[in-house]
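These notes are about the structure you will find just below.
The values are calculated or read from the model by the stated rules, or taken from the named source; none is laboratory data. A quick note: this is a predicted structure, and the numbers were derived from the prediction, not measured. Note that each Cβ is placed from the backbone with ideal geometry, even for glycine, and that neighbours are counted across all protein chains shown.
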Number of protein chains: 2
Amino acid sequence: MTNPVLVELTRGDIVESVHRGSVAVADSQRRIVFALGDLDTPVYPRSSLKPIQALPLIESGAADAFGLGDEEIALACASHSGEPMHTTRVAAWLKRIGCLESDLACGAHPSRYEPVAEAMIRAGEKPTRIHNNCSGKHTGFLTVARHWDIATHGYEQIGHPVQQAILQILSELAEISGEIPYGIDGCAAPNFALPLAAQAKAFAKLTASRGERVVRAMTAHPELVSGTGRTCAVLMRSAGGRAAVKTGAEGFFAGIVPELGLGIAIKIEDGAGRAADAVMAAMLAKYGLLGDDEAAQKILRCPITNTAGEVVGERRVVGIG
Amino acid sequence: MTNPVLVELTRGDIVESVHRGSVAVADSQRRIVFALGDLDTPVYPRSSLKPIQALPLIESGAADAFGLGDEEIALACASHSGEPMHTTRVAAWLKRIGCLESDLACGAHPSRYEPVAEAMIRAGEKPTRIHNNCSGKHTGFLTVARHWDIATHGYEQIGHPVQQAILQILSELAEISGEIPYGIDGCAAPNFALPLAAQAKAFAKLTASRGERVVRAMTAHPELVSGTGRTCAVLMRSAGGRAAVKTGAEGFFAGIVPELGLGIAIKIEDGAGRAADAVMAAMLAKYGLLGDDEAAQKILRCPITNTAGEVVGERRVVGIG
């Protein structure tokens with residue numbers, strides 16, 4: 001099926017660009033209660049998988065054994081901006097489990113927070129693997145390996161017990177038997193492809209006790225999950241703790257709404273984050289979870305300005321009532 | 001009509017994201033000789049319009065009166081990276097016509113060439129309007145106003161004679177009578193929306209004498225039209241001067257092929273430049289204009305690597321034989 005247009009960008013009186021995609025919302029009884037577009041073709045959740053990838057850390061007892069709190073759990077679920085609030089905590093956590101930066105399998109990339117990235121350039125500092133937006137997730141993986149007292153080397157390989165534990169949990173949450181296809185994510189860890197309907201059902205499962213700790217950690221520390229001014233932080237603050245949301249690369253976005261028992265999964269077919277952000281804001285608004293704060297409203301409906309500061313068009317969501 | 005998928009991005013064995021779009025190729029007899037997707041809805045060419053926006057500079061006699069050469073014409077057609085090769089030439093040109101940086105209506109943004117952007121951050125230098133990728137186009141507009149001895153202030157307004165001259169030329173090239181809708185571009189100048197078929201026909205007209213000077217300037221100075229390593233430069237160098245190509249924002253790409261009398265217009269519906277780049281490479285390959293150099297071949301078909309440097313998928317063009 002052809003995915004419907006979910007987001008339009010205008011310039012003057014013309015629609016300049018459109019984004020197509022699909023949306024699935026499941027309730028805690030595994031019913032699909034809202035559906036748009038293709039829910040059947042396997043797609044990668046990318047970093048939206050992190051709240052599920054963090055479950056072995058909790059369920060293995062590793063988090064408790066190493067005395068980890070909500071801040072570390074939030075970082076395990078994070079695509080962070082590499083700000084000091086993230087890097088100092090990841091560095092301390094690595095030290096606590098007796099690991100080094102060089103144990104991280106992810107590569108380095110600059111901080112996503114411009115003032116930090118620019119300050120590092122001015123100081124002649126190179127980004128490290130700890131600056132990688134996934135460094136918290138990887139430190140979580142290492143923590144599980146440490147707790148199980150198994151090899152940390154190769155922890156990001158599909159055959160490693162930590163990745164197999166994630167695959168097992170994902171199969172349970174999505175109630176999928178049989179093989180789940182995987183690809184390698186930007187950070188070198190496996191990422192698993194599932195139909196959007198199955199993903200919404202898996203996230204809906206996290207509204208119950210199994211997801212309690214990740215949801216609490218994410219909603220308590222929205223900036224640790226993302227960064228200063230980032231979409232996840234703005235939307236979680238706007239929702240006042242009533243929803244945990246997590247972006248993924250290539251236009252994915254996941255939401256967990258405990259009080260309604262809902263799991264939300266969004267995939268923009270062309271991979272545009274600008275569209276996924278707007279659609280998640282619209283879905284939160286649909287369920288009465290979006291506040292009227294300017295930052296959140298600008299994610300929902302955003303004026304497009306030019307380099308001279310003039311408003312020349314807008315980005316808006318269409319087709320979500 | 002629904003635009004076909006033109007580009008796929010894979011990860012592992014899964015297609016992760018797709019880009020839909022339309023392509024029109026017209027010959028010098030105004031026949032559409034290749035068509036994919038919607039050619040009828042008006043779309044903005046954005047910066048792909050620059051070779052046409054440069055025509056008043058040539059046809060008014062302003063370029064000759066101020067002794068401008070191919071380098072300045074190339075800059076008038078450019079979305080440049082704000083490298084010293086661009087900024088020093090624009091600054092000298094402004095001086096030659098007796099204008100100041102503050103006469104430019106475009107805003108400032110950082111250089112798009114990372115080593116320059118980083119060097120400026122290290123030196124504590126702020127980008128100026130001359131760094132704006134459109135500063136050559138704007139200096140061209142100012143040059144026409146100077147030549148006509150009319151007010152330069154407001155040269156970017158739709159009612160100014162320079163913009164009206166562009167609109168007149170565009171109407172002639174596209175053979176459109178009646179009103180052409182416009183919007184305001186990122187640089188504050190008007191941009192005009194036309195159906196893709198009409199745009200291909202207009203670019204095909206530039207394969208004849210009317211386009212000779214812009215095509216010569218662009219193909220002689222590919223890096224002045226874009227910048228070090230940028231797609232337009234790579235593709236024009238790969239084509240060995242046989243095609244002039246020009247990107248536009250939001251997934252537009254235009255090509256002029258004098259020896260075949262062809263005008264090419266591409267619009268990716270979701271605005272993705274990564275897809276427009278690949279489709280232009282495929283169109284050049286289709287007409288035997290793409291060399292086998294690695295840089296150009298990587299625009300056509302590109303491995304996707306992660307932060308650890310591993311190949312995890314690819315970007316490829318589909319449906320263009």
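Summary of values
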quantity	calculated
Within region A:163-201, tally of residues that are within 20 Å of A:VAL25 (Cβ to Cβ) and not small (Gly, Ala, Ser)	9
Members of region A:69-91 that are closer than 19 Å to A:LEU55 by Cα and either over 19 Å from the mean Cα position of the chain (by Cα) or of a type in the set (Gly, Ala, Ser) (or both)	A:GLY69, A:ALA74, A:ALA76, A:ALA78, A:SER79
Condition met for A:LEU94 (part of a helix (DSSP H, G or I), under 17 Å from the mean Cα position of the chain (by Cα) and either closer than 24 Å to A:ASP277 by Cβ or modelled with pLDDT of 95 or more (or both))	no
Hits in region B:174-196 (condition: away from every other protein chain (no Cβ under 14 Å) and either polar (S, T, N, Q) or touching a Leu at 6+ places or on another chain (Cβ under 8 Å) (or both))	B:ALA174, B:ILE176, B:SER177
Candidate set from region B:303-321 (those that are part of a strand (DSSP E or B) and free of Cβ contacts under 8 Å to residues at least 60 places away in the same chain); member that is farthest from B:GLY273 (Cα to Cα)	B:VAL311
Close pairs from region A:70-89: first closer than 14 Å to A:PRO110 by Cβ and touching a residue at least 24 places away in the same chain (Cβ under 8 Å), partner among the acidic types (Asp, Glu) and surrounded by fewer than 24 Cβ atoms within 10 Å (Cβ to Cβ), Cβ under 9 Å, at least 6 apart	A:HIS80/A:GLU223; A:SER81/A:GLU223; A:GLU83/A:GLU223; A:HIS86/A:GLU223
Those residues of region B:1-59 which are aliphatic (A, V, I, L, M), crowded, with 24+ Cβ neighbours inside 10 Å and facing chain A (nearest Cβ under 10 Å), in sequence order	B:VAL7, B:VAL43
B:ILE180 being closer than 19 Å to B:SER48 by Cβ and touching a helix residue (DSSP H, G or I) at 6+ places or on another chain (Cβ under 9 Å)	yes
Meets criteria (at pLDDT 95 or above, of a type in the set (Gly, Ala, Ser), over 18 Å from the mean Cα position of the chain (by Cα) and in a loop (DSSP other than H, G, I, E, B)) for B:GLY271	no
Residue within region B:197-209 that is within 14 Å of chain A (Cβ to nearest Cβ) and either at positive phi or assigned to a loop (DSSP other than H, G, I, E, B) (or both) present	no
Which numbered condition B:ALA285 misses (of (1) touching a Lys or Arg at 6+ places or on another chain (Cβ under 9 Å); (2) modelled with pLDDT of 95 or more)	(1)
Which numbered condition B:ARG112 fails, given (1) in contact (Cβ under 8 Å) with a residue 60 or more places away in the chain; (2) in a helix (DSSP H, G or I)	(2)
Every residue from region B:68-108 that is surrounded by 18 or more Cβ atoms within 10 Å (Cβ to Cβ), within 11 Å of chain A (Cβ to nearest Cβ) and within 30 Å of A:ALA119 (Cβ to Cβ)	B:LEU104, B:CYS106, B:GLY107
Any hit, region A:244-253, residues being in contact (Cβ under 8 Å) with a residue 40 or more places away in the chain, at positive phi and within 13 Å of another protein chain (Cβ to nearest Cβ)	yes
Boolean, B:GLY273 is under 18 Å from B:PRO51 (Cα atoms) and within 14 Å of chain A (Cβ to nearest Cβ)	no
Residue count for region A:109-132, restricted to those that are facing another protein chain (nearest Cβ under 9 Å), in contact with a Gly (Cβ under 7 Å, 6 or more places away or on another chain) and within 19 Å of B:GLU114 (Cβ to Cβ)	1
Residue count, region A:284-300 (criterion: small (Gly, Ala, Ser) and either touching a His at 6+ places or on another chain (Cβ under 6 Å) or surrounded by 15 or more Cβ atoms within 10 Å (Cβ to Cβ) (or both))	3
Residue match in region A:301-311 (condition: at pLDDT 95 or above and buried (at least 22 other Cβ atoms within 10 Å of the Cβ))	no
Residues that are in contact (Cβ under 8 Å) with a residue 40 or more places away in the chain and closer than 22 Å to B:GLU250 by Cα, drawn from region B:283-302	B:MET283, B:LEU284, B:ALA296, B:ILE299
So B:GLY154, is it modelled with pLDDT under 95 and either more than 10 Å from every other protein chain (Cβ to nearest Cβ) or crowded, with 21+ Cβ neighbours inside 10 Å (or both)	no
Residues satisfying the stated conditions in region B:129-171, i.e. outside any loop (DSSP other than H, G, I, E, B), free of Cβ contacts under 8 Å to residues at least 24 places away in the same chain and out of contact with any Ser or Thr (no Cβ under 9 Å at 6 or more places or on another chain)	B:PRO161, B:GLN164, B:GLN168
In region B:38-86, the residues that are among the hydrophobic types (A, V, I, L, M, F, W, C), assigned to a loop (DSSP other than H, G, I, E, B) and out of contact with any strand residue (DSSP E or B) (no Cβ under 6 Å at 6 or more places or on another chain)	B:ALA54, B:PHE66, B:LEU68, B:CYS77, B:ALA78
Any chance B:VAL257 is over 12 Å from the mean Cα position of the chain (by Cα), more than 11 Å from every other protein chain (Cβ to nearest Cβ), under 28 Å from B:GLU16 (Cα atoms) and buried (at least 22 other Cβ atoms within 10 Å of the Cβ)	no
Residue in region B:137-144 that is within 13 Å of another protein chain (Cβ to nearest Cβ) and surrounded by 22 or more Cβ atoms within 10 Å (Cβ to Cβ) present	yes
